[in-house]
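Quick notes on the structure that follows.
The values are calculated or read from the model by the stated rules, or taken from the named source; none is laboratory data. Treat the numbers as computed from the prediction; the structure is a model and nothing was measured. When we count neighbours, we look across all protein chains shown, and the Cβ atoms used for this are built from the backbone with ideal geometry, even at glycine. Ligands, DNA and RNA are stripped out before the accessible areas are found, and what is left, the full protein with its side chains, is counted by its heavy atoms. Shrake-Rupley method; radii C 1.70, N 1.55, O 1.52, S 1.80 Å.
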Amino acid sequence: MAASSSSSSHHYHFLFFYLLLVFAVSTATAASCSAADRAALLEFRSTLSDPYIGVFSSWTGSDCCSQWYGVSCDPSTGRVADLILRGESEDPIIARAGRSGLMTGRISPAICRLNSLSSLIISDWKQISGPIPPCITTLTSLRILDLVGNRLSGPLPADIGKFSHLTLLNVADNQISGSIPKSLTQITGLMHLNLGNNLLTGSIPSNFGNLKMLSRALLGRNQISGVIPSSISYMNRLADLDLSENQISGSIPASFGSMPVLSSLYLDSNSLTGGIPAEVLGSKGLGILNLSRNGLEGSIPDAFTSKSYFTAMDLSYNKLTGDVPKTLLTAAFVGHLDLSHNHLCGRIPTGSPFDHLEAASFSNNDCLCGWPLQTCK
């Protein structure tokens, strides 16, 4: 009887594992690559040429979800969820080639048929040109769009605000022109924005501050004009703001000094005028401040405290007058300081941080004296 019971138990165990195997096989079959997605991927590939790395050499066979380089799918649906092609990475395929990637061609509108995409990364291929396909905004499930380091041209899609789930948008280091679309400020979940080193013109949308989740806004090295929107001051999660090397005019908002987590502020090489707000220099969290190469006037506010901690502060090439602020002596730390090419005058304070600075930090002013410059008469 015991033997019979044991045999029956083994039978049920076998049956259970058999059914489990059948279920797994049927699930895997159901979740194999969508034929429509495979066709879209092959059309996308047909407009690109990769002569050195061979990233597309694995794009063979019917199942694009298995072993196709850079492609990953949702296992439950078989739809392509991520397309990640990086020309510069630690990936073995790049390492084996012994060089960074170079790809020519265009991004085909066929990419827009992959309407379950969550991540689209086509970065650092240097020579991919042509426009960003306007239909890309139909990919409403996108969370990451990273097209950095190519030669893409033309405008950003006007209806870019349709990306309601986007958290990262990076199109830096391309040749994108036109203005920043007003609808961009509708992507309220955006955390990282990099539009740097393009040919963007026009002004920053006045309601840019609607991007409340943004921690990095990098818009430097463009041809952006107009004033700095005061709404930026209400972005309580913004840690890094780069508006450098543009054509921005007007004054620096004093309210930048009360932004709770702002740690780096790059406003250099613009056409800013007016004074430096004391609130900005007295900010407790700001660690990098670059206001160089503008038309800033007036004296440098004596607003530093024992909580001031600047790894770098550059106020050079302005029209600043008066003396070097003595409260800098009370700062917790000042690493790099550049006050050169202004109209400063008077005795340079003695003590830290001035005892470790070089003469270049103070050169080309009207009448500064004392270490590290010539002694005062």
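When the range 120-154 is filtered for residues that are more than 21 Å from Ile187 (Cβ to Cβ), over 18 Å from the mean Cα position of the chain (by Cα) and either open to solvent by 10 Å² or more (accessible area, probe 1.4 Å) or of a type in the set (Phe, Trp, Tyr) (or both), the ones remaining, listed by number, are Gln127, Ser129, Ser153. Residues in the range 155-170 that are part of a strand (DSSP E or B) and either of a type outside the set (A, V, I, L, M) or more than 17 Å from the chain's Cα centre (by Cα) (or both): Pro155, Asn170. When the range 328-360 is filtered for residues that are of a type in the set (S, T, N, Q) and crowded, with 18+ Cβ neighbours inside 10 Å, the ones remaining, listed by number, are Ser340, Asn342. In the range 206-288, counting only strands (runs of 3 or more DSSP E) that sit wholly within it, the ones holding 3 or more residues that are of a type outside the set (Ser, Thr, Tyr) and farther than 16 Å from Asn318 by Cα span 216-218, 240-242.
To keep it simple, each residue is scored yes or no on (1) farther than 16 Å from Met103 by Cβ; (2) touching a residue at least 24 places away in the same chain (Cβ under 8 Å); (3) touching a helix residue (DSSP H, G or I) at 6+ places or on another chain (Cβ under 7 Å).
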site: Leu41; (1), (2), (3): no, yes, no
site: Thr47; (1), (2), (3): no, yes, no
site: Gly54; (1), (2), (3): no, yes, no
site: Gly61; (1), (2), (3): yes, no, no
site: Gly70; (1), (2), (3): no, no, no
site: Asp74; (1), (2), (3): yes, yes, no
site: Ala81; (1), (2), (3): yes, yes, no
site: Gly87; (1), (2), (3): no, yes, no
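For Ser316, state whether it is farther than 26 Å from Val171 by Cα, over 21 Å from the mean Cα position of the chain (by Cα) and open to solvent by 10 Å² or more (accessible area, probe 1.4 Å). Spelling it out, it is not the case that Ser316 is farther than 26 Å from Val171 by Cα, over 21 Å from the mean Cα position of the chain (by Cα) and open to solvent by 10 Å² or more (accessible area, probe 1.4 Å).
Out of the residues in the range 80-119 that are assigned to a loop (DSSP other than H, G, I, E, B) and among the acidic types (Asp, Glu), state the one that is surrounded by the fewest Cβ atoms within 10 Å (Cβ to Cβ). Once the filter is applied, the top-ranked residue is Glu90.
Against the condition surrounded by fewer than 14 Cβ atoms within 10 Å (Cβ to Cβ), over 28 Å from Ala95 (Cβ atoms) and at pLDDT 50 or above, how does Ser62 come out, does it pass? So Ser62 fits the description; yes. For the subset of the range 280-300 comprising residues that are among the small types (Gly, Ala, Ser) and within 15 Å of Gln247 (Cα to Cα), which member is surrounded by the most Cβ atoms within 10 Å (Cβ to Cβ)? Per the criteria, the residue is Ser292.
The residues listed here are Ser255, Ser271, Ser249, Ser230; of these, the one that is modelled with pLDDT of 95 or more, open to solvent by 40 Å² or more (accessible area, probe 1.4 Å), farther than 27 Å from Gly178 by Cβ and not basic (Lys, Arg) is Ser255. Checked against (1) open to solvent by 20 Å² or more (accessible area, probe 1.4 Å); (2) within 21 Å of Leu241 (Cβ to Cβ); (3) in a strand (DSSP E or B), Ile176 passes all but a single condition, namely (1). When the range 284-302 is filtered for residues that are polar (S, T, N, Q) and under 17 Å from His336 (Cα atoms), the ones remaining, listed by number, are Asn290, Ser292. The set of residues in the range 361-377 being buried (at least 18 other Cβ atoms within 10 Å of the Cβ) and touching a Cys at 6+ places or on another chain (Cβ under 8 Å) consists of Asn365, Leu368. The residues listed here are Leu214, Leu218, Leu199, Leu195; of these, the one that is within 16 Å of Leu145 (Cβ to Cβ), open to solvent by 10 Å² or more (accessible area, probe 1.4 Å) and modelled with pLDDT of 95 or more is Leu218. Scanning the range 335-360 for residues being free of Cβ contacts under 8 Å to residues at least 40 places away in the same chain and farther than 16 Å from Thr375 by Cα gives a total of 11.
Applying the set (1) under 37 Å from the mean Cα position of the chain (by Cα); (2) within 19 Å of Ala303 (Cα to Cα) to Cys345 leaves exactly one unmet item: (1). Pro277 fulfils the conditions (1) within 26 Å of the chain's Cα centre (by Cα); (2) open to solvent by 10 Å² or more (accessible area, probe 1.4 Å) except for a single criterion, (1).
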